[in-house]
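Structure first, then comments.
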Amino acid sequence: VEKGTLAYVSARSHDRVTIDSCLILLPELNALIAPINKLLPHFPFVTGVALTRADTGIDVLLQVTSSDGGLEAYRDFAAALPIARLSVQWPSKSITSLTQTDMVLMTLGDVDVPIPADAFLQASAEAQKIITDIVVTATKGVSPIVDLFCGIGTYSFPMNTRARVHAVDNNGPMIDHIRSISPKVSVAKRDLFLNPLTLEELKKFNAAVINPPRMGAPAQIKQLAASGIKKIVMVSCNHATWSRDAKTLKNAGYTLASLDVVDQFVYSPHVELVSVFVC
């Protein structure tokens, strides 16, 4: 939010460019920009707005700089919009949901999953389905599987319909969320940069799925490379760190069996890579 109006960050800078529409947004999200811009001057503590089109409605998350008035201060904001849920992220980073007219669900594979307000999702539903299908196909017939940097269980839940899955991430709320949805998926909260799964821990799995952030996961990849796990599926949004981590696997004897490039970032040079390594 810039001067009471929604804004994007300008290319290659920290400058903010205010907007009243966006041609690459889904139409139902684009339609919210004007009404949100009308509301924002009355809510000076709002500094950011996140919009997600879930399968059952639109989810809105407001980032605020003050807890003055509590949730009651945002009831009018929620009432003015055709949305399924409005949540507020307080200065402490905790999140509280104000209203929910429908259960906010995303279909992950064939599983309808309630999503938290700050869920990490791929840039588009189409791209997410493509990536998930590749991951599920690559791990078909293999069990158990460890899902590293699992997020909200984007791959854990679809894989769990056919295999035992252990999901690991450093985001406590996301891990708690997976645990609350499905006791069949075992979970662990863990910083995989500082405390990667060790060879001893990895030897119980027959496949690994890893979806690290842009910086990659050199410490965890080093352990995976030495583990002898027969199949490793790596999802990456950064070709540079993917190349570095792929080289570690190659030098350990792994072969790149397949590589799919998903161009999900519209009008951007970025792509998502989905690769399968076998040994």
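Quick notes
- From the options Ala50, Ala31, residue that is within 16 Å of Thr96 (Cβ to Cβ) and surrounded by fewer than 16 Cβ atoms within 10 Å (Cβ to Cβ): Ala50
- Residue pairs whose Cβ atoms lie under 8 Å apart, separated by 6 or more positions or on different chains, with the first residue in the range 104-117 and closer than 12 Å to Arg53 by Cβ and the second open to solvent by less than 40 Å² (accessible area, probe 1.4 Å) and charged (D, E, K, R), are Val104/Asp59; Val104/Arg85; Ile115/Asp59.
- First in the range 173-199 and among the charged types (D, E, K, R), second anywhere and open to solvent by 40 Å² or more (accessible area, probe 1.4 Å) and outside any helix (DSSP H, G or I), Cβ under 6 Å, 6 or more apart: Asp191/Asn170
Let's see how each residue does on (1) under 21 Å from Ala50 (Cβ atoms); (2) among the hydrophobic types (A, V, I, L, M, F, W, C); (3) at pLDDT below 95; (4) in contact with a strand residue (DSSP E or B) (Cβ under 7 Å, 6 or more places away or on another chain):
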site: Thr137; (1), (2), (3), (4): no, no, no, no
site: Cys150; (1), (2), (3), (4): yes, yes, no, yes
site: Val168; (1), (2), (3), (4): no, yes, no, yes
site: Ile175; (1), (2), (3), (4): yes, yes, yes, yes
site: Ile178; (1), (2), (3), (4): yes, yes, yes, yes
site: Ser186; (1), (2), (3), (4): no, no, no, yes
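- Qualifying position, being under 21 Å from Ala127 (Cα atoms) and surrounded by 21 or more Cβ atoms within 10 Å (Cβ to Cβ), among Val261, Val266, Val274: Val274
- Those helices (runs of 4 or more DSSP H) of the range 123-204 in which at least 2 residues are open to solvent by less than 20 Å² (accessible area, probe 1.4 Å) and aliphatic (A, V, I, L, M), considering only elements entirely within it, cover 125-138, 172-181.
- Members of the range 7-27 found to be in a loop (DSSP other than H, G, I, E, B) and either more than 15 Å from Val60 (Cα to Cα) or open to solvent by less than 30 Å² (accessible area, probe 1.4 Å) (or both), listed by number: Ser10, Ala11, Arg12, Ser13, His14, Asp15, Ile19, Asp20, Ser21, Cys22, Leu23, Ile24
- Restricted to the range 2-23, and to residues there that are at negative phi and in contact with a helix residue (DSSP H, G or I) (Cβ under 9 Å, 6 or more places away or on another chain), the residue that is modelled with the lowest pLDDT is Leu23.
The values are calculated or read from the model by the stated rules, or taken from the named source; none is laboratory data. Everything quoted here is computed from the prediction, not taken from an experiment. Every residue, glycine as well, gets a Cβ built from its backbone with ideal geometry; the counts of neighbours run over all protein chains shown. With ligands, DNA and RNA removed, areas are computed over all heavy atoms of the protein, side chains included. Shrake-Rupley method; radii C 1.70, N 1.55, O 1.52, S 1.80 Å.
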